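The values are calculated or read from the model by the stated rules, or taken from the named source; none is laboratory data. Here the structure is a predicted model, which is why all the values come from computation and not from measurement. So basically every Cβ, Gly included, is an ideal-geometry build from the backbone, and we count neighbours across all protein chains shown.
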Amino acid sequence: MSLALTTDQRCRAGAADHPFQPGLSAAKKALQETGKLTIVALGSSTTAGAGASQPEHSYPAVLEAELKRRLPEREIKVVNKGIGGQSAYDMLLRIDADVVAEKPNLVIWQTVVNDAIRDVGEEKLAKILKKGIRKVEAAGIDMVLMDLQWLPREDRYPKYDEYREVLAKTAQELNVSVFPRHAMMKSWAKSNKFTEEELVGMDGLHMVDASYRCLAVRIADGLVGALTGEKLDLAESPKPTN
Amino acid sequence: MSQSFPFLRYLLLGKGGGAGAAATILAPLGRDGRIDAVRGLALLIIFINHMPGNVVSGFMPHNFGFSDAADIFVLLAGISAVLAYGALIERRGLGVGAARIGARLWTLYIAHIAVFLIVCGVVARAVTGTHNPLYIEAINIQPFFNDTPAAVVDALTLTYQPYYLDILPLYIVLLGLFPVLYHLVRFSPALALLISALVWQGAVHLGLNFPNTGAAGWFFNPFAWQFLFTLGVVIGRAMLLRIEAPRSHLVDLLAAGFLVFALLVKVSSGNPFGLAILNDWIENLQIGSDKTNLAIVRVLHLGALAWLFIRFVPAGSALVSGVVGRNLAVMGRHSLEVFCAGIVLSIAGQIILAETYFALGVQLLVCLTGITMLLGLGMFLSWYQSVAQQGSVSKPSAALGASPSQS
């Protein structure tokens with residue numbers, strides 16, 4: 001096992017406590033029938049790759065590489081449609097051009113953080129999310145919603161949890177899988193296997209490649225599991241026991 | 001109806017009434033206090049709204065209608081451009097007018113670059129000092145930190161604009177277009193509006209916008225927003241020609257009705273009209289409007305506001321000559337400086353609000369302090385201008401009075 005794969009194990013800290021098992025009927029069917037899988041990563045700066053040392057270290061780029069490695073001989077493409085600072089509404093306006101027009105099988109929608117820090121209104125946000133989800137659904141595309149990031153001193157934004165709740169509730173109502181990013185990042189932070197700079201780039205100048213890599217690895221775990229039915233060994237130190 | 005004839009004649013042919021038109025246009029138009037007061041108000045609203053999540057912003061106009069302060073600002077820019085540069089072109093010709101516009105464009109550009117640099121510095125300092133990466137997200141400034149050399153070049157060519165630093169670039173483009181637009185409006189306001197509307201809607205359908213690093217395009221798409229500027233030029237030119245808006249109770253009612261409709265839509269949580277067929281449309285209006293491409297409802301809303309304002313708030317109205325109006329006008333007269341200061345203050349304010357956990361007292365204090373500082377800046381600049389003008393007036397006389405031996 002290469003060094004990179006060994007360090008990837010730390011990404012799975014606490015994975016059993018917050019599983020990610022998305023339902024991917026459209027993507028699974030497409031992969032079986034055509035051997036192709038196209039994913040659009042729609043989002044704000046996390047998706048765009050803010051803080052990554054190079055574009056290839058953004059989470060969509062790492063996800064593409066991971067999926068290609070784990071699903072060899074399949075044609076896999078992850079399109080990055082992240083624009084820093086955008087609210088859910090800004091993204092709703094570009095779903096037609098940036099998502100539907102790309103004809104993907106799956107969309108990973110990372111949003112709500114800018115709505116939370118701008119306090120756009122919870123009721124309004126729920127309406128926006130529903131519209132976005134229905135639009136994607138109507139196009140026959142699978143969707144995964146990404147929970148907000150974990151932050152040190154989150155209470156700077158007093159309604160942060162309320163906005164996370166809007167995302168969770170809307171997803172549940174419309175039966176959309178949620179990628180539990182917040183809980184994961186919290187586990188990473190608790191695991192002592194990362195420095196805080198690695199996770200959130202707290203001084204804004206350090207890179208957060210490790211955090212993006214783990215994000216991509218964990219999304220890949222969930223997607224590959226759902227697409228192939230394989231169960232990943234979530235043991236934190238995968239030592240062969242022969 | 002006697003009044004609508006000159007108005008229609010103006011709209012189609014761009015002409016004022018009778019043979020005295022040329023003289024009318026050359027006679028200086030007194031400064032209209034309404035423009036300064038409304039612009040001052042728009043500047044304050046922009047300042048408050050640039051600190052999203054604060055309680056005061058919940059009372060700002062965008063909660064009660066489709067248009068907001070930015071729309072007003074651009075419309076006024078068109079009107080003011082005519083009163084300043086249109087009048088100059090009439091008196092001194094296109095060459096002098098264009099030179100003055102060029103000088104103004106340079107000032108705007110330098111101001112934009114300076115504000116850009118200051119904001120990047122404030123955010124960089126805040127992020128390192130507070131360990132909150134979301135300050136970078138809040139104004140989409142990460143391209144600057146990710147790839148500074150490229151971002152600097154793009155900032156200089158206006159192809160990289162963090163949030164809140166997008167309205168001056170729009171104004172630079174619009175003012176640069178002014179000589180052409182003005183001549184078109186001079187020829188025929190109706191034709192100018194038609195062409196402008198076609199460019200706007202054509203760009204929306206084709207997805208045309210100016211490029212912006214790390215985003216889909218300019219936040220204020222110039223192809224779309226030029227429409228409001230053109231509308232402003234048409235209104236400004238009418239003011240220059242002393243054309244009065246026709247009195248029409250029908251239009252008054254339609255405008256008022258539209259404002260009430262917008263208010264009902266924005267403050268209701270569901271569909272206030274009960275007609276199920278409208279549900280989807282109402283919900284689309286409630287969740288937002290496309291600001292980048294200037295959603296049509298924004299223009300209708302602004303048009304209704306402007307119509308009623310022109311009809312019912314005369315130039316000498318107590319609304320603008322009262323204490324509030326006069327103080328707003330003090331800021332409106334120095335809009336570039338107050339706008340730039342407002343941007344920096346609002347971004348500093350965003351950081352202060354988050355660092356104090358959005359405590360209510362601090363929110364109110366930050367808003368009040370900011371408004372006081374912007375008003376203070378306006379007052380200072382007015383005072384400074386009057387001192388400088390006294391100086392320049394007394395200079396020639398001093399020079400005349402000076403004895404040759406002094407030279």
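Among the residues of the stretch A:107-117, is there at least one that is within 8 Å of chain B (Cβ to nearest Cβ) and over 22 Å from A:Thr170 (Cα atoms)?
Let us first name the residues in the stretch A:107-117 that are within 8 Å of chain B (Cβ to nearest Cβ), namely A:113-114, A:117.
Subsequent filtering for residues that are over 22 Å from A:Thr170 (Cα atoms) retains none.
There is no residue in the stretch A:107-117 that is within 8 Å of chain B (Cβ to nearest Cβ) and over 22 Å from A:Thr170 (Cα atoms).
Please give the number of the condition A:Gln86 fails out of (1) part of a loop (DSSP other than H, G, I, E, B); (2) under 15 Å from the mean Cα position of the chain (by Cα); (3) within 14 Å of another protein chain (Cβ to nearest Cβ).
Among (1) part of a loop (DSSP other than H, G, I, E, B); (2) under 15 Å from the mean Cα position of the chain (by Cα); (3) within 14 Å of another protein chain (Cβ to nearest Cβ), A:Gln86 violates only (2).
Return the residue satisfying two criteria in turn: it lies in the stretch A:48-83 and is of a type in the set (Ser, Thr, Tyr) and part of a loop (DSSP other than H, G, I, E, B), and of such residues it is nearest to the other protein chains (Cβ to nearest Cβ). If you could, list the steps in order and put the result at the bottom.
Taking the stretch A:48-83 as the starting set, the residues that turn out to be of a type in the set (Ser, Thr, Tyr) are A:53, A:58-59.
Still in the running and part of a loop (DSSP other than H, G, I, E, B): A:53, A:58.
Values: A:Ser53: 9, A:Ser58: 10 Å.
Here the residue is A:Ser53.
Before we move on, is A:Asp155 within 12 Å of chain B (Cβ to nearest Cβ) and either within 19 Å of A:Ile83 (Cβ to Cβ) or in contact with a Lys or Arg (Cβ under 8 Å, 6 or more places away or on another chain) (or both)? Give the steps one after another, and end with the answer.
Numbers: within 12 Å of chain B (Cβ to nearest Cβ): yes; either within 19 Å of A:Ile83 (Cβ to Cβ) or in contact with a Lys or Arg (Cβ under 8 Å, 6 or more places away or on another chain) (or both): no.
No.
What are the pairs, 6+ residues apart or on separate chains, where a residue within the stretch B:119-144 that is among the charged types (D, E, K, R) has its Cβ under 8 Å from a residue that is crowded, with 24+ Cβ neighbours inside 10 Å and at pLDDT 85 or above?
Close Cβ pairs (under 8 Å, with a partner that is crowded, with 24+ Cβ neighbours inside 10 Å and at pLDDT 85 or above) amount to B:Glu137/A:Ser44; B:Glu137/A:Ser45; B:Glu137/A:Gly84; B:Glu137/A:Gly85; B:Glu137/A:Val113; B:Glu137/A:Asn114; B:Glu137/A:Ile117.
Which residues, taken from the stretch A:34-45, are out of contact with any helix residue (DSSP H, G or I) (no Cβ under 7 Å at 6 or more places or on another chain) and either at the interface with chain B (Cβ under 10 Å from one of its Cβ atoms) or part of a loop (DSSP other than H, G, I, E, B) (or both)?
A:Gly35
Has the stretch B:107-118 got any residue that is part of a loop (DSSP other than H, G, I, E, B), more than 12 Å from chain A (Cβ to nearest Cβ) and under 30 Å from A:Glu56 (Cβ atoms)? Talk me through it step by step, then tell me what you get.
Going residue by residue through the stretch B:107-118, those that are part of a loop (DSSP other than H, G, I, E, B) are none.
The answer is no; no qualifying residue exists.
Out of the residues in the stretch B:204-234 that are assigned to a helix (DSSP H, G or I) and surrounded by fewer than 20 Cβ atoms within 10 Å (Cβ to Cβ), which is nearest to the chain's Cα centre (by Cα)? Step through it out loud before you land on a result.
First pass over the stretch B:204-234, keeping only residues assigned to a helix (DSSP H, G or I): B:204-206, B:222-234.
This time we only want the ones that are surrounded by fewer than 20 Cβ atoms within 10 Å (Cβ to Cβ), so: B:204-206.
On the way: B:Val204: 21, B:His205: 25, B:Leu206: 26 Å.
That would be B:Val204.
Any residue that is at pLDDT below 95, charged (D, E, K, R) and assigned to a loop (DSSP other than H, G, I, E, B) - is there at least one of those in the stretch A:113-120?
Within the stretch A:113-120 (the criterion being at pLDDT below 95, charged (D, E, K, R) and assigned to a loop (DSSP other than H, G, I, E, B)), the answer is yes, since at least one residue qualifies.
I'm told A:Arg10 meets every condition in (1) among the basic types (Lys, Arg); (2) in contact (Cβ under 8 Å) with a residue 60 or more places away in the chain; (3) over 30 Å from A:Glu197 (Cα atoms) except one. Can you identify the failing condition by its number?
For A:Arg10, the failing item is (3).
For the stretch A:131-163, what are the residues that are out of contact with any strand residue (DSSP E or B) (no Cβ under 8 Å at 6 or more places or on another chain), assigned to a helix (DSSP H, G or I) and more than 28 Å from A:Val208 (Cα to Cα)?
A:Lys131, A:Arg134, A:Lys135, A:Ala138
Out of all the residues in the stretch A:118-147, which are within 12 Å of chain B (Cβ to nearest Cβ) and surrounded by 23 or more Cβ atoms within 10 Å (Cβ to Cβ)?
Scanning the stretch A:118-147 gives A:Leu125, A:Ile128, A:Leu129, A:Gly132.
Please enumerate the residues belonging to the stretch B:133-156 that are modelled with pLDDT under 85 and more than 14 Å from A:Gly85 (Cβ to Cβ).
Result: B:Asp147, single match.
A:Asn175 versus (1) surrounded by fewer than 21 Cβ atoms within 10 Å (Cβ to Cβ); (2) of a type outside the set (Asp, Glu); (3) in a helix (DSSP H, G or I); (4) at pLDDT 90 or above: which is the lone unmet condition?
Condition not satisfied by A:Asn175: (3).
State all residues of the stretch B:336-378 that are of a type in the set (S, T, N, Q) and closer than 30 Å to A:Tyr160 by Cβ; if no residue qualifies, say none. Give the derivation first.
Of the residues in the stretch B:336-378, the ones of a type in the set (S, T, N, Q) are B:346, B:350, B:356, B:363, B:369, B:372.
Of everything in the stretch B:336-378, those that are of a type in the set (S, T, N, Q) and closer than 30 Å to A:Tyr160 by Cβ turn out to be B:Ser346, B:Gln350, B:Thr356, B:Gln363, B:Thr369.
Checking the structure you have, find out if any residue of the stretch A:151-159 is touching a residue at least 24 places away in the same chain (Cβ under 8 Å) and over 20 Å from B:Leu353 (Cα atoms).
There is no residue in the stretch A:151-159 that is touching a residue at least 24 places away in the same chain (Cβ under 8 Å) and over 20 Å from B:Leu353 (Cα atoms).
Counting only residues that are surrounded by fewer than 22 Cβ atoms within 10 Å (Cβ to Cβ) and either more than 9 Å from chain A (Cβ to nearest Cβ) or of a type in the set (Asp, Glu) (or both), which one in the stretch B:130-150 is farthest from A:Ala48 (Cα to Cα)?
The extreme case among them is B:Pro149.
Do we find that A:Ala4 is at pLDDT 90 or above and part of a helix (DSSP H, G or I) in this structure?
No; evaluated as a whole, the condition is false for this residue.
Looking only at residues in the stretch B:267-299 that are more than 9 Å from every other protein chain (Cβ to nearest Cβ), part of a loop (DSSP other than H, G, I, E, B) and in contact with a helix residue (DSSP H, G or I) (Cβ under 6 Å, 6 or more places away or on another chain), which one is nearest to B:Phe229 (Cα to Cα)?
The extreme case among them is B:Leu294.
So which helices (runs of 4 or more DSSP H) are wholly in the stretch B:308-379 and hold at least 2 residues that are under 30 Å from B:Asn132 (Cα atoms) and touching a helix residue (DSSP H, G or I) at 6+ places or on another chain (Cβ under 7 Å)?
Numbers: elements: B:318-321, B:323-332, B:335-355.
Output list reads B:335-355.
How many residues are of a type outside the set (Ser, Thr, Tyr), closer than 27 Å to A:Leu92 by Cβ and crowded, with 20+ Cβ neighbours inside 10 Å when one looks only at the stretch A:11-60?
Of the residues in that region, 17 qualify.
Answer with yes or no whether A:Leu129 is touching a residue at least 40 places away in the same chain (Cβ under 8 Å) and more than 20 Å from A:His18 (Cβ to Cβ).
In short, yes.
Name the single residue, out of those in the stretch A:89-104 being surrounded by 22 or more Cβ atoms within 10 Å (Cβ to Cβ) and more than 8 Å from every other protein chain (Cβ to nearest Cβ), that is nearest to A:Arg181 (Cα to Cα).
Step by step, filter the stretch A:89-104, then rank; the result is A:Met91.
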